[in-house]
Amino acid sequence: EPYSKELPIPGKVLIGKFFGRDMYVSAELLATVSAELVYNRAGLLSSAQIGQSLAVRNLLPGDRFHPQNSGGERKINRLLQELSIPAMLRQSWPVVLSGERIVWVPGLPVAAHAAWTSGEGEAIILAMNKGEGGIFRG
């Protein structure tokens, strides 16, 4: 089933069922001090560049994405294949957008253009969860 939902910051949104379990995408706002302490900063989005809400939708054919610290933009379907995400899940896999641009795909670093940098202020960390347990964090 195609879906498109608003994701408030902070907040979470139900994206559907994967293997019979409710799956959510969540957004958490981190103060600068907390963001500085995060070990994997490739998972942080710049709050200043994102604003107050994001959108979550399913993957569409031809979607492209440029993860932070990568060589450039690539097709998301191919990136998910490399992560061994089964084909039956890829078509409903969530992508998170700010405006019209994809800023995060669960399992990958955040987008290069929206990544948080040290000293920039607040950061946003995203996660894909089943109930209360995290599966992928930004």
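The values are calculated or read from the model by the stated rules, or taken from the named source; none is laboratory data. Given the structure is predicted, the values throughout are model-derived calculations rather than measurements. FYI the Cβ positions are ideal-geometry reconstructions off the backbone, even for glycines, and counts take in every protein chain you see. Just the protein is used for accessible areas: all its heavy atoms, side chains included, with ligands, DNA and RNA removed. Shrake-Rupley method; radii C 1.70, N 1.55, O 1.52, S 1.80 Å.
Residues of the stretch 64-97 being assigned to a strand (DSSP E or B) and open to solvent by 30 Å² or more (accessible area, probe 1.4 Å), which ones?
First pass over the stretch 64-97, keeping only residues assigned to a strand (DSSP E or B): 64-65, 67, 74-75, 94-97.
Result: Arg64, Arg74, Lys75.
If you go through the stretch 45-63 and keep only what is in a strand (DSSP E or B) and aliphatic (A, V, I, L, M), you end up with Leu45, Leu54, Ala55, Val56.
Of all residues in the stretch 4-44, exactly one satisfies the criterion of being part of a strand (DSSP E or B), open to solvent by 50 Å² or more (accessible area, probe 1.4 Å) and of a type in the set (Gly, Ala, Ser), namely Ser4. Answer yes or no: is there a residue in the stretch 56-63 that is modelled with pLDDT of 95 or more and open to solvent by 90 Å² or more (accessible area, probe 1.4 Å). Among the residues of the stretch 56-63, not one is modelled with pLDDT of 95 or more and open to solvent by 90 Å² or more (accessible area, probe 1.4 Å), which makes the answer no. For Ser47, the conditions (1) in contact with a helix residue (DSSP H, G or I) (Cβ under 7 Å, 6 or more places away or on another chain); (2) surrounded by 17 or more Cβ atoms within 10 Å (Cβ to Cβ) all hold with the exception of (1).
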